[in-house]
Amino acid sequence: MKKMNEQQLIRLVESLTLEEKIGQLMQLTAEFFDQNSKTVEIGPLKKLGLENDFDINNVGSILNTTNPNDIRFIQQKTLEQSRHKIPLLFMADIIYGMKTILPIPLAQVSSWNMKEIKESAKMMAAECYEMGIHVTFSPMVDIVRDPRWGRVMESPGEDTYLASRYAKAMVEGIQGSVEEQQIPDSHIAACVKHFAAYGAPSAGREYNTVELSEHTLREFYLPSYYAAIQAGAKLVMTAFNTINGIPATGNQWLNRGILRDEFDFNGVLISDYAAVEELIVHGYAEDKTDAAKKAFLSGVDIDMKTAVYANELPKLIEENPELHPLLDTAVLRVLNLKNDLGLFDDPYRGITSTGKTMNKLLSNVHQETALRLAEESIVLLKNDHDQLPIKEKERVALIGPYAKESSTLGFWAITGDEKDTVTLEKGLKKYLSPDDLKVARGSFLLDPETIESYDKYSKDIPAEKRPMNKLMDEAIQIAENSDKIILAVGESVYQSGEGGSRVNPTLPEPQVELIHKMSQLDKPIILVVYSGRPLILTDIESKVDAILYAWFPGTMGGDALANLLMGEVSPSGKLPMTFPRSVGQIPMHYNEFATGRPRSLAPEKYRFASKYLDESNLPLYSFGYGLSYTSFVYHSLKVSSAIIKDDRPIEISIMLENTGNREGKEIVQLYICDVAASVVRPIKELKDFKKVTVASKTTKEVTFKLTEEQLRFHQSSGRYSSEPGKFIVTIAANSTDEGLKTTIIYEK
Ligand code: BGC
């Protein structure tokens, strides 16, 4: 079959039987298709509960098969055995890298470099393409204000604008420039997720209830999904959570009202893993028939990984013939996606006839791409007395469970191989001779007593070979003979990611002990932190001289860190999420609403202000914060006009002076505050930013354009528009920086 036009696709839908149509809405894993047997595997079918007479060759898509040989085999077998010869879609969770693993998404966003993010997404898509994958379940653009939630690592952080820019860059990188709906070679389809507000589970507990006012949902949580859809994302995935009492996967208001009608999304809506069946456990559906009905009526096209649609939809549709058009539309959407990918032309898209890949995987160019992004993703949080970079001839003691660790890819790198990871030790060895670099583990990564709680992953956590006191003694010995200590510490990759919620997001206890011990040695300490989330570092921050926040930096992490530590590259990342001082401050985000009794207006000890008795209101590190090896001064703010009108945007510029001794990149941020409006507005809202390179002792002008559109918000009437009045514009280095301010007036 060749590429089809709309009419041909409609005719194809019409030619299908009811079972064949419903098959297109099913997604299974590959266990049903055994390479060695000619028939379908009965075991998995039984486990899934698929009714016996269902012909598996009618299935429309396959989940998480990432081997090109298996993909070719399954595709071929299905095409041979199915009556309609519609190619299968292969979808997988390639979230931030196929073989060349990029930094985790939260880290990527710390780069604030959308060009590099897009380039990296393009590289990731090219690797997927070669492996025969058609759709990736990326980007995840759930806004998160709570670092207890484990999936914060996959998120773009707390800010709506930054997340929306990330959503666009990712979709454009993954899908390429989609002309006439066609996805070009070396690109695949993107699936934005999890619709909606999955990043706001109560108390940060995975899969928990989401309670958000419609205002907060629309104002802060929905725009990033919308940005991905506007960028052309071909698929959307539902979320596991309820929103205000209704599970997202069966939520008509959300999926039809907002997604289809308001956002005008015409692509495929796929459920999250088994989420259709879980409507029963939620207590939202009586039984499987009811679950199928509720998900289907809400607009879910594909049922991921359950037999609910396959078993229940035939009866539902036979009994309710008025549902036929709904079914045909859903099937047409799936076929459109196959057509957009060119699968009717070439069902083996991207895979060579031998099943061998074309050596692009992990190529030098791809490694370079991952390295650049990793370098820009890492955030320098502290650098007292310029302890960093490491100076020439300094003898370094590299200590900590992350010194030689290769498991730094993060929880969702399912196709990455730790063997390809450049460890921190390996990175530093490129700079330091064996005499100047001594390495010791220093402590356990995790308290052995806690390992069991990691369930099936506990077997992947290697047992500690030596007792803690021996590790510590060895560390003290090498530390004493060094000029500086690099302490490489962090969470285990199993402490974040799906199902990785923590009530106490701090460093594991044995490593805290190590930091305390090292701090008694009177040597400068550089802390390198690996993590999938903002950790609470309040107790250890004062014990160290410098902190470099590595997140999980991916395959090239060790090289990136070494380049930064040794000063080959200056750090340029800034935080996409607030780092709280205490768990009790969570949820915490910079763009909160003003209260009637703000702390800032009250006298020091005054009780009746919005504050805590036992902790400051401030974070440890604020959104947008990050240092570099040079210093920047912002001055000379200029505004083209103090009045902004619908058809008259204004320009605001500042002079950015690099007063330090080396070139550096600075992320200049523009925030607005709507002084009074018909609904209370955030005390500060990011509206634009620029990442600029400035040579030492030189000054650059940084100019922003501000339009009426950027002043819009959701009013209580439901309208999205701007209101005349006063706005304070701040151009600053981060969200708590005073920066340079000007007041502008918006006139209709
Ligand atoms: C996750 C999704 C993922 C899906 C398929 C689910 O558990 O929530 O993000 O895409 O599994 O693997």
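Quick one: helix 114-131 against the long Cα principal axis of the chain, what's the angle to the nearest 10°, folded into 0 to 90?
40 degrees
For the chain, find the longest principal axis of its Cα atoms and tell me its angle to the long axis of helix 364-377, 0 to 90°, nearest 10.
The helix 364-377 is inclined about 60 degrees to the chain.
Taking a point 7 angstrom from the Cα of D53 along the C-beta vector, which residues in segment 318-337 have backbone N less than 15 Å away?
Those under the cut-off are 318.
Kindly identify segment 24-177 as rounded, prolate or oblate by the Cα gyration tensor criterion: order the square roots of the eigenvalues as a ≥ b ≥ c, call it rounded if a/c is under 1.5, otherwise compare a/b with b/c, prolate if a/b is larger, else oblate.
Prolate is the answer for segment 24-177, as a/c is 1.5 or above and a/b outweighs b/c.
Could you work out what % of the accessible surface of segment 273-324 is carbon and sulfur, using a 1.4 angstrom probe and leaving DNA, RNA and ligands out of the count?
49 percent
Once each part is reduced to its C-alpha centroid, what is the distance from segment 79-125 to segment 535-593 in angstrom?
Between the Cα centre of segment 79-125 and that of segment 535-593, the gap is 26 Å.
Throw me the Rg/Rh for segment 485-526, computed over C-alpha atoms with Kirkwood Rh, two decimals. If you can, show how the numbers build up before the last one.
Numbers: Rg = 12.8 Å, Rh = 11.8 Å.
Using Cα coordinates only, the ratio equals 1.08.
If you take every DSSP beta bridge whose two residues both sit in segment 26-163, what share of them, in percent to the nearest 5, is antiparallel?
If I count the DSSP bridges inside segment 26-163, around 10 percent turn out antiparallel.
In what sequence, highest mean first, do 99-105, 738-744, 142-148, 73-79 appear when ranked by Cβ atoms within 10 angstrom?
Those peptides, ordered most packed to least, come out 99-105, 142-148, 73-79, 738-744.
Multiply the residue gap between A677 and R597 by 0.36 nm, knock off their C-alpha separation, and tell me the result in nm, one decimal place.
Numbers: separation 80, 0.36 × 80 = 28.80 nm, distance 1.77 nm.
Gain in length upon complete extension: 27.0 nm.
Return, ordered by residue number, the residues of segment 389-431 whose backbone nitrogen is under 11 Å from a label point located 7 Å along Cα→Cβ of D483.
From segment 389-431, the list is 390-396.
Calculate how steeply helix 509-519 sits against the longest principal axis of the alpha-carbon atoms of the chain, using the helix alpha-carbon long axis, and give the answer as 0 to 90 degrees to the nearest 10.
20 degrees
How large is the translational diffusion coefficient of segment 97-214 in µm² per second when you combine the Kirkwood radius over alpha carbon pairs with Stokes-Einstein at 37 °C and 0.692 mPa s?
Values: Rh = 14.7 Å.
Translational diffusion coefficient: 223 µm²/s.
Loop only by DSSP, 13 or fewer other Cβ within 10 Å of the Cβ. Give me the trypsin sites (Lys or Arg not before Pro) in segment 624-708 that pass, ordered by residue number.
Of the trypsin sites (Lys or Arg not before Pro), the ones in loops of segment 624-708 whose Cβ has at most 13 other Cβ atoms within 10 Å are K697.
Considering only S138, F240, L437, whose Cα is most displaced toward the positive end of the charge dipole of the chain, charges sitting on Cβ of Lys, Arg (+1) and Asp, Glu (-1)?
The one lying farthest along the dipole's positive direction is L437.
Add -39500 (n - 2.57) for each DSSP H run of 4 or more in the chain, then divide by its residues: what number comes out at 222 nm, to the nearest 500 deg cm²/dmol?
Computed ellipticity for the chain at 222 nm equals -7500 deg cm²/dmol.
Could you point to the residue in N661, L537, I515 farthest towards the positive end of segment 506-665's charge dipole, with +1 and -1 charges on the Cβ of Lys/Arg and Asp/Glu respectively?
With unit charges placed on the Cβ atoms, the residue in question is L537.
A 25 angstrom limit on the alpha carbon distance is what I want to check against. Which of K645/K665; K193/K611; K484/K517; K168/K574; K305/K456; K691/K748 exceed it?
K645/K665; K193/K611; K691/K748
In straight Cα distance, which aspartates and glutamates are under 20 Å from K294, not counting same-chain residues fewer than 8 positions off?
Within the straight-line limit of under 20 Å, K294 reaches these aspartates and glutamates: E19, D261, D272, E277, E278, E286, D303, E312, E318, E319, E322, D328.
Write down the percent of antiparallel bridges among all DSSP beta bridges whose residues are both part of the chain, to the nearest 5.
If I count the DSSP bridges inside the chain, around 55 percent turn out antiparallel.
Report, in debye and to the nearest 20, how large the dipole of the chain comes out about its Cα centre when Lys and Arg carry +1 and Asp and Glu carry -1 on their Cβ.
Approximately 1340 debye in magnitude.
Among A107, L706, T65, whose Cα lies farthest out toward the positive end of the dipole of the chain, if unit charges sit on the beta carbon of Lys, Arg (+1) and Asp, Glu (-1)?
With unit charges placed on the Cβ atoms, the residue in question is L706.
Cross-link partners among lysines for K465, C-alpha distance below 18 Å, same-chain residues fewer than 8 apart left out?
Qualifying lysines at Cα under 18 Å: K404.
Hey, which of these cross-link pairs are over 23 Å Cα-Cα: K21/K85; K288/K459; K46/K288; K684/K726?
K288/K459, as the Cα separations exceed 23 Å there.
For the chain, what is the convex hull (Cα atoms) projected area averaged across all directions, in square nanometres?
33.8 nm²
Compute the distance from the alpha-carbon center of segment 307-367 to that of segment 192-217, in whole Å.
Distance between centres, Cα-based: 28 Å.
Could you work out the mean projected area of the convex hull around the alpha carbons of segment 148-242, in square nanometres to one decimal?
6.2 nm²
Once every Cα of segment 590-735 carries one equal point scatterer and solvent is ignored, give the base-10 log of I(q)/I(0) from the Debye formula at q = 0.13, 0.18 Å⁻¹, two decimals.
-0.74, -1.11
Decide, for segment 217-345, between rounded, prolate and oblate: order the square roots of the alpha carbon gyration tensor eigenvalues as a ≥ b ≥ c, take rounded if a/c falls under 1.5, and otherwise choose prolate if a/b is larger than b/c, else oblate.
Oblate, because a/c is 1.5 or more while a/b does not exceed b/c.
The values are calculated or read from the model by the stated rules, or taken from the named source; none is laboratory data. Predicted model only: the values in this text are computed from it and were never measured. Cβ sites come from the backbone with ideal geometry, for glycine too, and all protein chains shown count toward neighbours. Keep in mind that these areas ignore ligands, DNA and RNA; they rest on the heavy atoms of the full protein, side chains included. Shrake-Rupley method; radii C 1.70, N 1.55, O 1.52, S 1.80 Å.
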